[in-house]
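This report refers to the structure that appears directly beneath it.
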Amino acid sequence: MKIAVCIKQVPGTMQVDIDPDTGVLQRAGISAKMNPYDLYALETALRLKQQVGAHVTAITMGPPQAQAIIKEAYMMGADEGVILSDTRFAGADVLATSYTLAGGLSKLGGFDLIICGKQTTDGDTAQVGPAIAEHLNIPHVAWVKTIEHMEEKSIVVEQNMEDSLEVVRMSYPCLISVEKDIYTPRLPSYLNKKKTRNKQISVLTLDDLSDQSEENYGLSGSPTQVERVFSPQPRDDHTTWDCEQVDGAELLYDLLATEKFI
Amino acid sequence: MPYNKVAEQDIDYLRSIADRAFIGADIHEDFSHDEMTIYGVHMPEIVVEVKSTEQVSAVLKYANERGIPVTPRGSGTGLCGGAVALYGGILLSLAQMDNIIEFDNDNFCVTLQPGVLLMTLAEQSIAHDMMYPPEPGEKSATIGGNVMTNAGGMRAIKYGVTRDYVLGLTAVLPNGNVITLGGKVVKNSSGYSLIDLLVGSEGTLAVVTELTLKLIPLPGVSLSLLVPFDSLSKSFNAVPKILQSRTNPTAVEFMQREVIEAAEQYLGLHFPDKSAPAYLLLTFDGNTRTELDTTIDKVAEICLSCGANDVFISDTQERQESIWKARGAFLEAIKTSTTDMDECDVVVPRTKLASFMELVDTLETSHGLRLRSFGHAGDGNLHIYLCKDGLSESEWEKRCAAVMDSLYISSAQMGGQISGEHGVGHAKSHYLAESLGDDAIALMRGIKHTFDPKNILNPGKVC
């Protein structure tokens, strides 16, 4: 089995300035890390590797310094790493990013399963995973909270819908984006760091992809216009029950059940 | 002890000077104990909430004149019964004195009231680009309580303990007089260090109402290494080598799989690694990641040469949380795993740590009592928890006493002390007396008498 995991380098802090003209994050000079949600995707792949045997490729799109997260993926146990890096990819929105990643995945070829994190901590759209699958014309399931089991030609997963859980069987090749906490991500290993110190990271540029039209990539391939970027207001949703009038325990039980805590 | 009971006129007077005062059924049950109900439950006659030095002064002056005992209290998170009103009387709650008065970035200090929570101080210091280095595990403790027990915590090995950060304070003596000691000064050779006498005095000498604490510039980067070993003894063998390596760790903690699993169950989350029976958890801080990368390589090689199975790197907020959240819940997790428990907070020379933990293993088997431990491998401070589980009350008391005696006797023989950071309270005072001997205890009692001749302030504690 061949598994690809899409990962992204994001700012290591929430204090990031935004370019007032383009709405693009100004990443220069700030610390960076692997998108925390992608750690769950990578962990899922590594668990499947342990359970059924698989070759795990970590793939990212970003500037050359994003190689750091590929090295980190090696330290966690990934077998191969690829970076899509080209100045012509810069400033990409969901459409251009997913198109570029899909192009890279097609170029590499042969993946049975592609795993993405739920979303990133910088873009927060949660759309890149499903969009990759659409570009590749393969089935996909988002919000996967459990891998039920792997079969020879398909995977069975549990999908966390707003108000229900749905069990889905999907044929390979397919894509899943996994929920936070599907597994606890392992920590990077120093022994793996030593072992993979000189391990190669493949670099793909636009010249390697089948679609060579520059206008489909980067800022020029991004129809998204950022009108305004702002921090959302903290939510203070709460419910108050007058338990002299109603059965509080029952209400609480129903609410916990609805929210799937029990 | 011949104390007066709190009468109607006392209640009226105390209500006239304090913000709030509760009596009888209005007193919350929490005020009758700290985290360790095993040491007894004692209801105060009145709980007085104060908000200012003046109010504290008025309460103490009145209580001193009337011969009513006063027990100062912060969050009540102590582990030795130090903030429990053994003789009833007034429980003086300082929890509402929770204002941070000033962060002084030029003098690297903060001035605050004693009821500020440790977690608030830590967060606010970071927001001001500084750090309050002591890091006791109980973040909901008040800073006043920390000062009164000279709380230590996980960063003691690099940064020292609470005592090392108290630059100045305002305190109210039992007769109601107010004294101010120290200040925003780095050095102080001005007579006997009364500050040092008050730090760790567990509310028996005076009531601290304002503190000036030293802060340091906030380190740019901090990360942890989680190091799995096949045995605890192997992990202890690595500790001196790590400490000698000039890498200057901020924390060197040890933990065992059983305690990690208890924390997982308690918190409902999964620890990132459970492959080994024993772990060291090391933390380092510095200005840049590049600087720390050199440290990681050096320390990791030392650990591997001492038989570590691997060295895991925790270098992001999420990873740190996945480890430290569990580490922070160890005490509560063990507490929840059993029907009742007792605790031993000995500190031994670091070189004796392995021998002491071997003794703990032996005692667990020979007395048939489940023991769970974790602690600070870097400074020799151990937390050993004796779990009652399904034992009958009489059997529990018998085994518990026997194990406790063995632990304290062995600690003394190894050159240790009875408390590393939790204090003495009333629960450990007999062990303190045995440990220090008559002369030292007589000196302590003399000091107590000088401060508090009528013995109204937190009576029955320490000595």
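Values for this structure:
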| quantity | calculated |
| --- | --- |
| Residue within the stretch B:295-317 that is more than 10 Å from every other protein chain (Cβ to nearest Cβ), of a type in the set (S, T, N, Q) and in contact with a strand residue (DSSP E or B) (Cβ under 7 Å, 6 or more places away or on another chain) present | yes |
| Strands (runs of 3 or more DSSP E) contained entirely in the stretch B:4-90, each with at least 2 residues that are out of contact with any Asp or Glu (no Cβ under 8 Å at 6 or more places or on another chain) | B:46-49, B:70-73 |
| Strands (runs of 3 or more DSSP E) wholly inside the stretch A:159-210 containing at least 2 residues that are in contact with a Pro (Cβ under 8 Å, 6 or more places away or on another chain) and at pLDDT 95 or above | A:165-171, A:174-178 |
| Tally, over the stretch A:220-242, of residues that are surrounded by 11 or more Cβ atoms within 10 Å (Cβ to Cβ) and either of a type in the set (S, T, N, Q) or out of contact with any helix residue (DSSP H, G or I) (no Cβ under 8 Å at 6 or more places or on another chain) (or both) | 5 |
| Among the candidates B:Leu304, B:Leu331, residue that is closer than 25 Å to B:Gly425 by Cβ and either assigned by TED's automatic domain parsing to the domain that holds B:Asp273 or aliphatic (A, V, I, L, M) (or both) | B:Leu331 |
| Residues of the stretch B:121-143 satisfying the condition of being among the charged types (D, E, K, R) and either surrounded by fewer than 21 Cβ atoms within 10 Å (Cβ to Cβ) or in contact with a Phe, Trp or Tyr (Cβ under 9 Å, 6 or more places away or on another chain) (or both) | B:Glu123, B:Asp129, B:Glu135, B:Lys139 |
| Qualifying residue in the stretch B:277-286 (condition: surrounded by 19 or more Cβ atoms within 10 Å (Cβ to Cβ), of a type in the set (A, V, I, L, M, F, W, C) and within 10 Å of chain A (Cβ to nearest Cβ)) | no |
| Selection within the stretch A:38-57 - away from chain B (no Cβ under 14 Å) and either closer than 12 Å to A:Gln9 by Cα or in a loop (DSSP other than H, G, I, E, B) (or both) | A:Gly53, A:Ala54 |
| Single condition B:Ala251 does not satisfy, out of (1) touching an Asp or Glu at 6+ places or on another chain (Cβ under 9 Å); (2) within 14 Å of chain A (Cβ to nearest Cβ) | (2) |
| Residue match in the stretch B:32-42 (condition: buried (at least 20 other Cβ atoms within 10 Å of the Cβ) and over 28 Å from B:Ala427 (Cβ atoms)) | no |
| Given (1) within 14 Å of chain B (Cβ to nearest Cβ); (2) touching a Leu at 6+ places or on another chain (Cβ under 8 Å); (3) of a type outside the set (A, V, I, L, M); (4) without any contact (Cβ under 8 Å) to a residue 40 or more places away in the chain, number of the condition A:Thr184 does not satisfy | (4) |
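The values are calculated or read from the model by the stated rules, or taken from the named source; none is laboratory data. Here the structure is a predicted model, which is why all the values come from computation and not from measurement. Every residue, glycine as well, gets a Cβ built from its backbone with ideal geometry; the counts of neighbours run over all protein chains shown.
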